[in-house]
Every structure is written in structure tokens, then in C-alpha cells.
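Before any comments, here is the structure.
The values are calculated or read from the model by the stated rules, or taken from the named source; none is laboratory data. If you're wondering where the values come from, they're calculated on a predicted model, not measured in any experiment. Reconstructed Cβ throughout: ideal geometry from the backbone, glycine too, with neighbour counts over all protein chains shown.
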Amino acid sequence: MNNGIVSRASASQPAPGPLDKSRLTLLTCCFSLFMAQLDATAVNVALPSIGEDLGGGISDLQWVVDAYVLVLACLGMSGGGIGDRYGRRRVYRIGLIVFSLASLGCGLAPALGVLIAFRMVQAAGASMLMPVTLSIITNTFIAPAARARAIGTWMAAGGVAAGVGPLIGGALTSALGWQAIFWINVPVGALALALTRLYVTESRAAERRSLDIPGQALLGCSLAALSYALIEAPRVGWASTPTLSLLAGAGLGALCFVAVEFRTDRPLVEPRYFRDRAFAGAAGIAVLTYLAIMGAQFLSSLYLQQVRGLSPLAAGAMLLPTSVALAAASPLAGRLTARYGPRPVVVTATVFLAGGLALLAGTTPSTSPPFLVIAYLLIGAGWGSLNPPLTGVAIDTMPPDQAGVASAAVGASRQLGAVLGVAVMGSLTTTLTRTGLEHRVPHPEADPATLIMAGGQAARAVFTSATHVAFAAGAGAVVVAMIVALATMPQRARPRSSS
């Protein structure tokens with residue numbers, strides 16, 4: 001991604017001033033990334049309101065989240081290549097337009113199916129924004145130290161956006177309705193387009209990389225089949241023919257994807273990267289930890305509003321400790337990684353995460369707020385401590401001109417984990433809630449969300465108990481991530497490969 005010809009900047013230029021064009025380019029890229037990442041988590045707090053207005057149960061609400069993250073996971077690796085080939089500034093602007101118009105469609109959606117469809121279009125736009133902004137930054141900042149600082153700022157913008165998403169989403173939903181979460185993207189997108197025209201210079205890669213269409217198609221079909229099987233299994237049965245067929249199809253698609261990637265000259269995901277133990281470990285840890293983090297966010301929003309009866313704003317405020325801890329931990333983790341190496345930082349992050357999830361696995365419908373605050377603080381601290389060392393390991397293990405691709409691969413791993421977290425932890429909760437309600441309430445076949453919103457005390461207690469198993473499963477995934485970190489993460493930061 002970084003072998004492009006673009007930048008007017010030069011290593012011999014004088015130090016940039018506070019309003020230097022390169023800094024304004026960085027600000028523009030961070031602004032757009034913040035918007036795209038914010039939308040991915042802000043919608044969690046609005047899910048109960050969306051369910052009330054448009055209908056649908058927990059499985060339907062899972063699709064509101066997973067449809068977005070699924071498309072991001074599938075198309076995120078291609079976005080950078082498209083920008084390299086057709087012009088980064090051009091693709092970036094197209095992504096902004098697609099994202100903004102799709103956001104307008106989400107806010108106007110008359111039915112849940114229409115909302116989910118527009119969420120997928122939204123994610124297609126976001127898939128152009130995220131990797132292309134990184135390419136623009138790496139081609140604008142030539143000096144290694146300046147580039148490292150710029151990438152760190154870019155990563156921080158995305159992390160903070162993900163953390164504050166629930167609070168902003170809750171405030172907008174309480175004040176203006178859930179539609180405001182999407183409508184606000186329209187003026188923000190227009191502003192980003194204006195900034196792009198003023199401050200972002202067009203650039204292309206010197207060598208136009210061909211796109212891996214077969215690999216992209218196989219990856220998308222495999223992940224879609226897996227997600228559909230996991231989310232719909234509580235409705236149709238885990239051992240039903242549709243579920244088993246989709247799982248088999250997902251497995252076959254994954255095998256075909258690996259075979260194609262080994263044979264093509266320009267793979268979507270370079271298999272040789274994963275021969276490096278540290279790089280493979282970073283990708284695996286990203287999948288496992290984001291499975292737990294995103295699954296916990298999804299269930300926490302339902303628990304706080306449907307079980308405890310909080311408003312969207314109050315639920316967002318209750319999740320604020322996660323945002324505060326994330327914002328504080330990210331820069332500290334970067335400094336500690338530089339001083340002590342990635343392994344102790346990643347292991348400490350998994351300890352925080354596992355501890356927070358373990359506390360959530362012990363909640364009741366009336367758990368005291370301080371108990372929840374401690375749990376969310378631990379999750380935020382673990383979340384914020386993960387991204388700097390994982391991305392740093394991925395970049396350090398690759399040649400300098402592959403830094404963007406390496407970072408995008410870890411980013412795609414995080415999105416894959418998010419897809420699986422919402423699907424697995426949400427469906428596990430739905431299945432256990434239905435099982436627990438069989439002999440307690442009439443019509444137990446109804447969706448748990450419907451029963452909880454009807455005000456049934458038994459349904460609320462059963463749902464909370466079901467989340468305990470899901471949170472424990474998330475904690476188990478984090479423990480596995482800790483073991484992977486101990487086995488694969490370097491004790492000290494390694495110098496980048498030069499070949």
C-alpha cells in the first residue's frame with residue numbers, strides 16, 4: 001500500500017507547522033474514520049428502540065449489527081487495493097458519498113429488512129474509507145517518525161470512536177429517536193467531502209495491483225453462510241438441515257478460499273504473512289478478543305435497557321466507563337509496548353478483559369451500578385490496551401512497504417471477531433432464554449426480546465442467566481487469546497523486516 005507515488009511531502013522539508021497541509025490531511029482522514037467507526041458501535045444502544053419501532057426479535061437485531069460488520073470484514077482488505085489502483089482520493093470520496101447516502105436510507109427505512117440492506121451499503125462505503133485513509137496517511141508522511149505518529153493518531157481516532165459510540169448513540173436516540181444516529185452522518189459526510197477537496201492530494205500506486213475477485217467472493221460467501229447459520233440457528237434449530245448445510249457450506253468456502261489464495265499471484269490475504277508466528281498470533285488474538293468485546297457490547301445494551309429499564313441515554317452513560325478507560329489505556333499501551341515489548345501488554349489486556357467479562361457473568365436484574373462500572377472499566381482498559389501492540393506487531397513483522405497491508409489484515413481480523421461475537425454470544429443467549437422459558441411463561445416460542453419488553457419478571461431473570469453463559473464463553477475466548485499471546489508475542493519489539 002505504501003509503494004505509491006503521491007505525496008508532495010519530502011523527508012527534507014522543514015518541520016510542519018500546526019496548520020501544515022499534511023496535518024490537515026491527517027485531520028480529514030481521522031475525521032472520516034471516526035464517523036465510520038462511531039456508527040459501528042453507536043447503533044448498539046439504539047437496538048431496543050429499533051426493535052420497538054420496526055419489529056423483530058434478538059436475531060433480527062443481531063443482523064442490524066452484523067450486516068454492517070460482515071461487509072466490513074469481507075471488503076476491508078479490497079478497499080486499499082481499489083484505492084491504489086483507481087486513485088486514493090477518488091475512492092475515498094466515493095466511499096464518503098456511499099456511506100452518507102446509505103445513512104440517509106437507514107434513517108428513512110420503513111422496515112427492518114430495508115434497514116439491514118442499507119446497513120450493508122453503509123459498510124460498503126466504510127470499507128473504502130478505512131484502508132484508503134491509512135494509505136493516504138502513509139503516503140503523505142514520508143519520514144518514518146512522522147509516519148508512526150500519524151498512524152498512531154489515526155488508530156486513536158478509531159478507538160475513541162468505537163468507545164464513545166454507545167454514549168453518543170444513546171444521547172441521539174433519547175433526544176431525537178434512533179434515526180438520528182444515521183441522519184447525523186449526512187452533514188458530517190458533506191463536511192468531510194469539503195475537507196477532502198481542500199486538503200487531500202490524489203495518489204495512486206506505482207504498480208497497479210490486480211484485484212482478487214475469486215478470493216473476495218469466496219470470503220464473502222463463507223462468512224455470510226457462517227453468520228446466517230449462527231444467527232438463525234435459534235429459530236430453525238442447531239441440528240436442523242438448513243443450519244448444518246450452511247455450516248458445511250461455510251467450511252467448504254473457507255477451504256476453497258485458502259486454496260485460491262495460495263495459487264493466485266495477487267492474493268487478497270497473503271498466506272506467507274501467516275508463516276510468521278507473531279503476525280499469525282496477532283491476527284488470532286484480534287479475532288478472539290473482539291469476539292468477546294463486541295458480543296459483550298451487544299448483550300450489555302439489551303441487558304441495560306430491556307432488563308433494567310434504562311433509557312438509551314442512561315444506558316449509554318452506564319457504558320461510558322468503557323470509553324473513558326479505552327481512551328486512557330490506548331496511549332499508555334503504546335508507550336508500554338515501546339518500552340517493555342508487546343507480550344506483557346497484550347497479556348495484561350486479556351487479564352483486564354477476562355476479569356470484566358467474569359464480573360458481567362455474575363450480574364442479576366438488580367445488580368448495583370458500581371459493580372457494573374467496575375466491569376465496564378476493566379473491559380475498556382483491556383480493549384484500549386490491545387490495539388497498539390497488535391497493530392505494532394503486524395507492522396514490525398512485515399517489510400516497510402507492506403505496513404498498510406499488514407495493518408489492514410489485523411483490522412479485518414478484528415471485524416471477523418466482531419461478526420462472530422454478535423452472532424455466537426447473541427444466539428447462545430437467545431437459545432438458552434427460550435429453553436429456560438419453556439415451563440415458566442405462555443408462548444415460550446416467542447422471541448425473548450418480545451417477552452422481556454412485555455414486562456415479565458421471569459423472562460428478565462431467565463434472559464440475564466442466559467447472558468451469564470454467553471459472557472463466560474467470551475471470557476473463555478479471551479483466556480485462549482492470552483495463551484496465544486504467551487506463545488506467539490515477542491517479548492521485545494522487533495525491527496521491521498527489510499525484505
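In region 228-246, the condition of being more than 19 Å from residue 77 (Cβ to Cβ), of a type in the set (A, V, I, L, M), touching a Leu at 6+ places or on another chain (Cβ under 8 Å) and without any contact (Cβ under 8 Å) to a residue 40 or more places away in the chain is met by at least one residue. Taking region 30-68, which residues are among the aromatic types (Phe, Trp, Tyr) and more than 22 Å from residue 433 (Cα to Cα)? If the condition is that a residue be among the aromatic types (Phe, Trp, Tyr) and more than 22 Å from residue 433 (Cα to Cα), then 31, 34, 68 are the ones that fit.
Okay, residues lined up against (1) of a type in the set (S, T, N, Q); (2) at pLDDT below 80; (3) assigned to a helix (DSSP H, G or I):
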residue: 418; (1), (2), (3): no, no, yes
residue: 421; (1), (2), (3): no, no, yes
residue: 425; (1), (2), (3): no, no, yes
residue: 428; (1), (2), (3): no, no, yes
residue: 433; (1), (2), (3): yes, no, yes
residue: 441; (1), (2), (3): no, yes, no
residue: 445; (1), (2), (3): no, yes, no
residue: 449; (1), (2), (3): no, yes, yes
residue: 452; (1), (2), (3): no, yes, yes
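Taken over region 234-264, the residue count meeting the criterion of being assigned to a helix (DSSP H, G or I) and at pLDDT below 85 is 6. Looking across region 128-146, the residues that are buried (at least 19 other Cβ atoms within 10 Å of the Cβ) and β-branched (Val, Ile, Thr) come down to 132, 133, 136, 137, 138, 140. Residues in region 1-10: is at least one at pLDDT below 80, within 30 Å of residue 140 (Cβ to Cβ), outside any helix (DSSP H, G or I) and among the basic types (Lys, Arg)? Yes, region 1-10 contains a residue that is at pLDDT below 80, within 30 Å of residue 140 (Cβ to Cβ), outside any helix (DSSP H, G or I) and among the basic types (Lys, Arg). Just one of the listed residues (263, 308, 277) is closer than 27 Å to residue 393 by Cβ and not polar (S, T, N, Q), namely 277. Of the residues in region 112-127, at least one is among the basic types (Lys, Arg), crowded, with 24+ Cβ neighbours inside 10 Å and assigned to a helix (DSSP H, G or I). Considering only residues in region 147-162 that are aliphatic (A, V, I, L, M) and in contact (Cβ under 8 Å) with a residue 24 or more places away in the chain, the one that is surrounded by the most Cβ atoms within 10 Å (Cβ to Cβ) turns out to be 162. For region 228-256, which residues satisfy the criterion of being among the small types (Gly, Ala, Ser) and more than 26 Å from the chain's Cα centre (by Cα)? Scanning region 228-256 gives 237, 239, 240, 245. Figure legend. Inter-residue proximity from region 420-436: first residues not assigned by TED's automatic domain parsing to the domain that holds residue 220, second residues surrounded by fewer than 23 Cβ atoms within 10 Å (Cβ to Cβ) and hydroxyl-bearing (Ser, Thr, Tyr), beta-carbon distance below 8 Å, spacing 6+ or different chains. Indicated pairs: 426/59; 427/59; 430/59; 432/465; 436/465. Highlighted here are the helices (runs of 4 or more DSSP H) found entirely within region 265-368 that include at least 2 residues which are among the polar types (S, T, N, Q) and either touching a residue at least 24 places away in the same chain (Cβ under 8 Å) or not assigned by TED's automatic domain parsing to the domain that holds residue 395 (or both): 277-302, 320-340, 342-360.
When residue 303 is tested against (1) over 18 Å from the mean Cα position of the chain (by Cα); (2) over 25 Å from residue 231 (Cα atoms), only condition (2) is not met.
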